[in-house]
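To start, the structure under review is shown below, and the notes come after it.
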Amino acid sequence: MAKWNVLIALSLMLLSHAVQAASSSLPSHLDRQKLPYGCGSCHVGFDFRSGGGLDGCLTCHGSLQRRVKGSYRSSRELKDIESELKKNYRHPILESKGIHSSKERLPETDARTPRHADCVDCHSPHQVSSENRFAGIKGKQIGNIVADITKEYELCYRCHSDSANLPGLSTNKRIEFSTMNPSFHPVESEGRNLTVVSLLKPYREKRISPSEISTITCSDCHGNDDPAGPRGPHSSSYQHILRDNFSTRDNESESAFAYALCYRCHNRSSILGNESFKYHSQHIRGKQGGTASSGGTSCHTCHSSHGSTEYKYLLKFDTDVVSVSSSGMLKFNEKGMGAFRGECYLTCHGVDHNPKTY
Amino acid sequence: MNKFIRYAGVATLLWGIASTVSAAGPKISDLVTGGNKHNLSSLNKNITYQAQPPVAYGDEHNTEICIFCHTPHRAAPQTTLWNRSNPSVTFGRYSSSTLIIRRTSAAQFGEPNGSSRLCLSCHDGVTAGGVSLGAILNHQSINMGVNDRITGIALFDANKIKFGHHPVSFVYDNAVLNAIQADPEKATQNYRFPSIPQVKLDAGKRMQCTTCHNPHQNQSSEDTYLTPPNVGRKIAPFWVYGGAGNATSDHDAVCLDCHNIPTSSFPLQ
């Protein structure tokens, strides 16, 4: 009797081990522990029209009302992506119906193709897993070949860099983040500027110890503003699908909230304390020191969030706010490397900088 | 320790046996419990498409099993002592623009042919200008009652074959496999020739309905999904493979035999 008990116990152990092994090594949609209907979960009756597409994905990942009971098994409730896609700032996935083509190659080469984003542009349904949400994604087109994507920014560039159908107001992010630029946020590699005095720990210009962070990803800034919601840049309540607020307007009162996105990595006290640029605080808070309409302006007025093809320190003037100086110039000259000294030629808030030297 | 090894060995053996137990579906000849959908005999039970019971002399064909597809004499020339007219429908072919076989071997991939066309002689629902399922070659039509044409999910019309169904009747040979592997996006998906012995191409190396479906014997006993809470949802029947003893697993094993989707993830840094 005791022998049989041992035998049964061993059998159960082996069984449970086998099930666990299957669960942890399989992509989510190939895992029968998660999808009790297997291939038939999406490809019902081998009608391929019923598989794939936004509606197919939302059968499990949509609103609770839309979900088909029993379609999946999960130890925790799946996130509701559908509600996310109705936020003000979003990838236009709900609007992509009938536009996405399974044969498209990105970056887009035809300027007439309507812009869109479908679930499968960023996720490969057969191979995606919670550990790697980009597993199995399509590659990027380089001439006649398709190269594998191994970095998140390469995935974003498929639509946000060299696309022929890039909207008029959109910029080519590959050019902005190029490591050949005088300055860039460290997405493609560590940055070139070694004197970013405002950096909060564990961020650092060059990584020396394993606990330090010297590179960031697109999704460090672009993503869900709701930490309890699904991760990723599906949508946000903030403009440009940013994870935190980033006011880019002129005549703005400085606050922790106004530039919350920047202050995730850059120490607000350091910036307002002028630890680098002598007049940082004055520019951001205005001359009256932070009251509304005091003339304070956004970080964005002088800095590009992505990179600058002209200047160090991510300097790039927002020409919606800044115009040329009385001598017709709009430029920045650095005086002494890393000495936080320079001069600006521009006009802003009616003040002529021709130049203003600091 | 020896004891432990012995117990572990026996346990592994039992686990192995338990995991390979399969339950095949009802045999075509099973008239007692019934349920094999390809047995259209009036004596079969629990099926939708079924001949009417004989009511007069000469109606006894209604009780036969094979006659709906096969005849021992004066068979149609197609194959396997065939007892049906060829489908007269133009079906077209699966039209997805991503289909490599569509581009690389278009000459070999057109209208369903071979055994698939024989399957369609019933499953198109309209063969030979609306002749019913009981329209065999070598006897007067068998009375099928109200369900004399296939409708619903088992019906494969031109629309379904063009837009929704897995392509059939394409040659799946080295040239085609190489062409698929040469496509930059498909190359990562590990397509391969079937390796499960039951999953077979036909003599012309074509993938046909019979590659995945055995018309005589469903190797899984279930025709619906078994997993709660949605027990009863229909699963396509007559899978050639029954190794897992569960319709969904068997179905997936057949799919994954060619669509060998890699389970290791791309490294994304």
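The values are calculated or read from the model by the stated rules, or taken from the named source; none is laboratory data. What you are looking at is a predicted structure, and each value in this text was computed from that prediction instead of being measured. Here the Cβ positions follow ideal geometry from the backbone for every residue, glycine too, while neighbour counts run over all protein chains shown. Please note that ligands, DNA and RNA were not included when accessible areas were found on the heavy atoms of the full protein model with its side chains. Shrake-Rupley method; radii C 1.70, N 1.55, O 1.52, S 1.80 Å.
Here are the numbers for this structure:
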| item | result |
| --- | --- |
| Cα convex hull of the stretch B:161-222 - mean projected area over all directions, nm² | 5.8 nm² |
| Net charge of neighbours whose Cβ lies under 14 Å from the Cβ of A:E205, counting Lys and Arg as +1 and Asp and Glu as -1 | +4 |
| Other-chain or far-sequence residues with amide H under 5 Å of B:F170's (modelled H) | B:M207 |
| Radius of gyration and maximum dimension Dmax of the protein assembly as shown, Cα, Å | 32.9, 113 |
| Packing-based ranking, highest mean first, of A:349-357, B:35-43 given that Cβ atoms within 10 Å are counted | B:35-43, A:349-357 |
| Volume per residue of the C-alpha convex hull in chain A, rounded to whole Å³ | 204 Å³ |
| Cα-derived Rg to Rh of the stretch B:115-225, Kirkwood definition | 1.05 |
| Cα-based convex hull, the stretch A:152-306, per residue volume (Å³, whole number) | 134 Å³ |
| Of A:P167, B:Q219, A:I271, farthest towards positive along the dipole that unit charges on Lys, Arg, Asp, Glu beta carbons give the protein assembly as shown | A:I271 |
| Summed residue charge, Cβ within 14 Å of A:Y358's Cβ, Lys/Arg positive, Asp/Glu negative | +1 |
| Using θ = phi - 60° and Karplus 6.51 cos²θ - 1.76 cosθ + 1.60, couplings along the stretch A:217-233 (whole Hz; Gly, Pro as x) | 10, 3, 6, 5, 9, 9, x, 6, 6, 9, x, 8, x, x, 5, x, x |
| Accessible surface of A:T195 - all protein chains present, 1.4 Å probe, nearest 10 Å² | 50 Å² |
| For the stretch A:135-235, fraction of C-alpha pairs farther apart than 16 Å, in % | 67 percent |
| The stretch A:104-193: relative contact order as a whole-number percent, Cα under 8 Å and 6+ apart | 27 percent |
| Quotient of Cα Rg and 2.2 N^0.38 Å for the stretch B:20-132, N being how many residues it contains | 1.34 |
| Net charge of neighbours whose Cβ lies under 13 Å from the Cβ of B:L133, counting Lys and Arg as +1 and Asp and Glu as -1 | +1 |
| Sequence-separation-based contact order of the stretch A:111-256, relative, with Cα cut under 8 Å and 6+ spacing, percent | 11 percent |
| Cα centroid separation, the stretch B:149-208 to the stretch A:212-255 (Å) | 46 Å |
| Separation in nanometres of the label points that stand 7 Å from Cα toward Cβ, at B:A158 and B:K27 | 4.2 nm |
| Cut-off under 5 Å, modelled amide H: who pairs with A:G286 long-range | A:G296, A:T297 |
| D (Stokes-Einstein, µm²/s), Kirkwood Cα radius, the stretch B:140-195, 0.692 mPa s at 37 °C | 220 µm²/s |
| Estimated FRET transfer efficiency (A:K206, A:N165; beta-carbon r; R0 51 Å; 0.05) | 0.85 |
| Value of [θ]222 nm, deg cm²/dmol, for the protein assembly as shown, DSSP H segments ≥ 4, -39500 (n - 2.57) each, nearest 500 | -6000 deg cm²/dmol |
| Cα radius of gyration and Dmax for the stretch A:68-190 (Å) | 16.4, 55 |
| Area buried, chain A against chain B - accessible surface, total, 1.4 angstrom probe, square angstrom | 4100 Å² |
| Packing-based order for B:64-75, B:165-176, using average beta carbon neighbours within 10 Å, highest first | B:165-176, B:64-75 |
| Normalised alpha carbon radius of gyration of the stretch A:243-358 [divisor 2.2 N^0.38 Å] | 1.01 |
| Inter-site label distance for B:H70 and A:N193 at 7 Å from Cα along Cβ, in nm | 8.1 nm |
| The protein assembly as shown - percent of accessible surface contributed by carbon and sulfur, probe 1.4 Å | 57 percent |
| Relative frequency of Cα-Cα separations exceeding 15 Å in the stretch A:54-99, percent | 44 percent |
| Proximal lysines relative to A:K69, as straight alpha-carbon distance under 30 Å, when same-chain residues fewer than 8 apart are discounted | A:K34, A:K79, A:K86, A:K87, A:K97, B:K37, B:K160, B:K234 |
| Rounded accessible area per residue of chain A, 1.4 Å, Å² | 53 Å² |
| Calculated log₁₀ intensity ratio I(q)/I(0) where the Debye formula runs over C-alpha points of the stretch A:96-168, q = 0.26 Å⁻¹ | -1.36 |
| Rel. contact order, % - alpha carbon contacts under 8 angstrom, at least six apart, chain A | 11 percent |
| Coordinate range along principal axes, alpha carbons of the stretch B:33-96, Å, largest first | 46, 30, 19 |
